[in-house]
There are 2 protein chains.
Amino acid sequence: MNNEHSTLSFMPYTYEFPRPSITVDCVVFGLDREHKLKILLIQRNLEPFKGEWALPGGFVRIDETLEAAALRELREETGIETVFLEQLYTFGKLDRDPRERVITVAYYALVNLWEYQIRAATDASDAAWFTVDALPSLAFDHDRIVQTALKRLQGKLRYEPIGFELLPEKFTLFQLQKLYETVLGQELDKRNFRKKILNMNLLIALDEFQQDVSHRAARLYQFDRLQYEQLKEKGFNFEI
Amino acid sequence: MNNEHSTLSFMPYTYEFPRPSITVDCVVFGLDREHKLKILLIQRNLEPFKGEWALPGGFVRIDETLEAAALRELREETGIETVFLEQLYTFGKLDRDPRERVITVAYYALVNLWEYQIRAATDASDAAWFTVDALPSLAFDHDRIVQTALKRLQGKLRYEPIGFELLPEKFTLFQLQKLYETVLGQELDKRNFRKKILNMNLLIALDEFQQDVSHRAARLYQFDRLQYEQLKEKGFNFEI
DNA sequence: GATAGTAGTGTAAAAAAAACACTATGTCAA
DNA sequence: TTGACATAGTGTTTTTTTTACACTACTATC
């Protein structure tokens, strides 16, 4: 097939016709103290969609990878540094952006909101956490991106132990269960949940207990990342 | 956060610094008569990687969506028209292409090879099917893309009835089982497989049987797409 | 008529998941 | 100090799902 198409497919430097721009956008999930799932949004102070809320994100520079761009935008716009970050989907509809053709590679991030809540509020005066079932209307097609991210988070949580990314380093089984219930949108049986999660051998039971709670203090646990890596290698099933 | 970063994130038309180019690449899966999983590759006739095999693909035009670009490239380079096509992952490493910064949105496609085998061989003299476990060395990072596609196909097949896309309209349960065994890389129990797949109510048993086989002719079945859509709505579980 | 190759069928055992309720401990307020 | 409240923590039984397993039937070919 010695035709123009093959040629077009890998045209060298001289490629000069108009091309789409690439951005990254991040859906940052957090969990507040009332076990509500939150998303971090930025208020736009430029047209278009000035004043509306949008996902943190921005253009990909020529000398940085997609993931690097996502991490940079997160740092710049929200102060968030190290997080669980995973590619979600690439959105390429023609009219996503009213100004020009923009393709965006969406990522989703899980952060320990209990740690970052303050930073986001101070460093970025126009960044705020919103409960997922009470989101404002969003700029561009960001509502679609958020919906996609939510579905992915639910699907992922069922089969991979990623919930720990949303909790503090040390947490109780009760917190973990509430997390699953919130994200999956269904109640879980306490005893069955504890059996399942403990049988995975991913939790280290600490000799520490909750402080300053107005009820019996629960034991604290820690996620065993090393063990997780090893079990993942062996194709272990982490379904909840 | 009224700083340069927010501004940068949604800079208007005047955005003039160098930007990455975007391509699409397609991993096209097919299943041959010996129940071997195949991938369709194109032989490059331009530098770089001249003479090497690569995935069909090419630049995304400013006035077409990502999926349209993937379908166009497939049509142009291989003659394939209508297929199951789903976005796989977006690859954005800096040195993917030795000439310039190129980000590629990879798709994977499932086709009925029994129908297309001839077209690909005639329309595109430099297109050919390769068995997945005997692939030649590939141009760019296309081997990584293929590996990602393989994993995705396996994961997807376990939870969604997409195998039918690889078979002719009418097929036997034996063919279907072989498909699963090939893709998943494990043997399945005949009786258990039939029970499970028939209990999903996704198959229409036809009053037709195999022709021209040198053994007892098996009943032919058809995939019930309508039923599939309805069950999917209800959150039905299609795990095999 | 023997052989080769696939078609087609059910049951029992094992494993996994689901259902289910009470006692224990600590804080707070009356 | 006592009672109310909130969560901690713990096993067993039932149900469902999954797995293991073997023979007869049909058709073409040699």
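Things worth noting here:
- Any pair with Cβ under 6 angstrom, 6 or more apart, that starts in the range A:77-106 at a residue that is in contact (Cβ under 8 Å) with a residue 40 or more places away in the chain and ends at one that is among the basic types (Lys, Arg) and part of a loop (DSSP other than H, G, I, E, B): A:102/A:96
- Residue that is farthest from residue B:32 (Cα to Cα), among those in the range B:165-179 that are touching a helix residue (DSSP H, G or I) at 6+ places or on another chain (Cβ under 8 Å) and surrounded by 15 or more Cβ atoms within 10 Å (Cβ to Cβ): B:173
- Considering the range B:180-201, the residues that are more than 9 Å from DNA strand C (Cβ to nearest atom), part of a loop (DSSP other than H, G, I, E, B) and of a type outside the set (A, V, I, L, M) include one that is surrounded by the fewest Cβ atoms within 10 Å (Cβ to Cβ), namely B:186.
- From the options A:77, A:73, residue that is closer than 22 Å to residue B:96 by Cβ and surrounded by 23 or more Cβ atoms within 10 Å (Cβ to Cβ): A:73
One line per residue, one yes/no per condition, for (1) more than 16 Å from DNA strand D (Cβ to nearest atom); (2) within 14 Å of chain A (Cβ to nearest Cβ):
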| residue | (1), (2) |
| --- | --- |
| B:147 | yes, no |
| B:150 | yes, no |
| B:163 | yes, no |
| B:169 | yes, no |
| B:175 | yes, no |
| B:179 | yes, no |
| B:183 | yes, no |
| B:186 | no, yes |
| B:190 | no, no |
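- Filter result for residue A:198 (more than 14 Å from chain B (Cβ to nearest Cβ), within 13 Å of DNA strand D (Cβ to nearest atom) and either at pLDDT 95 or above or in contact with a helix residue (DSSP H, G or I) (Cβ under 7 Å, 6 or more places away or on another chain) (or both)): yes
- Residues in the range A:202-240 that are aromatic (Phe, Trp, Tyr), within 14 Å of DNA strand C (Cβ to nearest atom) and assigned to a strand (DSSP E or B): A:209 only.
Yes or no, residue by residue, for (1) of a type outside the set (A, V, I, L, M); (2) assigned to a loop (DSSP other than H, G, I, E, B); (3) over 15 Å from the mean Cα position of the chain (by Cα); (4) assigned by TED's automatic domain parsing to the domain that holds residue A:146:
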{"position": "A:46", "(1), (2), (3), (4)": "no, yes, yes, yes"}
{"position": "A:64", "(1), (2), (3), (4)": "yes, yes, yes, yes"}
{"position": "A:71", "(1), (2), (3), (4)": "no, no, no, yes"}
{"position": "A:87", "(1), (2), (3), (4)": "yes, no, no, yes"}
{"position": "A:99", "(1), (2), (3), (4)": "yes, yes, yes, yes"}
{"position": "A:104", "(1), (2), (3), (4)": "yes, no, yes, yes"}
{"position": "A:107", "(1), (2), (3), (4)": "yes, no, no, yes"}
{"position": "A:115", "(1), (2), (3), (4)": "yes, no, yes, yes"}
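- Residue match in the range A:74-95 (condition: within 16 Å of DNA strand C (Cβ to nearest atom) and either more than 14 Å from every other protein chain (Cβ to nearest Cβ) or among the small types (Gly, Ala, Ser) (or both)): no
- Residue that is farthest from residue B:22 (Cα to Cα), among those in the range B:49-64 that are surrounded by fewer than 17 Cβ atoms within 10 Å (Cβ to Cβ) and within 8 Å of another protein chain (Cβ to nearest Cβ): B:63
- Taking the range B:152-161 as the range and being part of a helix (DSSP H, G or I) and away from DNA strand D (no atom under 13 Å from the Cβ) as the test, the residues that pass are B:152, B:153, B:154, B:155, B:156, B:157.
- Single residue of the range B:211-239 satisfying the filter (within 9 Å of DNA strand D (Cβ to nearest atom) and not basic (Lys, Arg)) that is nearest to the chain's Cα centre (by Cα): B:239
- Test for residue A:126: is it at pLDDT below 95 and acidic (Asp, Glu): yes
- In this structure, residue A:16 qualifies as modelled with pLDDT under 95, more than 8 Å from every other protein chain (Cβ to nearest Cβ), under 30 Å from residue B:43 (Cα atoms) and outside any helix (DSSP H, G or I).
- Test result for residue B:212, outside the structural domain of residue B:98 (by TED's automatic domain parsing) and either of a type outside the set (Gly, Ala, Ser) or without any contact (Cβ under 8 Å) to a residue 24 or more places away in the chain (or both): yes
- Verdict on residue B:162 being more than 13 Å from DNA strand C (Cβ to nearest atom) and either buried (at least 17 other Cβ atoms within 10 Å of the Cβ) or aliphatic (A, V, I, L, M) (or both): yes
- Here residue B:116 clears all of (1) under 17 Å from residue B:36 (Cα atoms); (2) modelled with pLDDT of 95 or more except the condition numbered (2).
The values are calculated or read from the model by the stated rules, or taken from the named source; none is laboratory data. Source: prediction; values computed, not measured. All Cβ positions, even for glycine, are placed from backbone atoms using ideal geometry, and neighbour counts span all protein chains on display.
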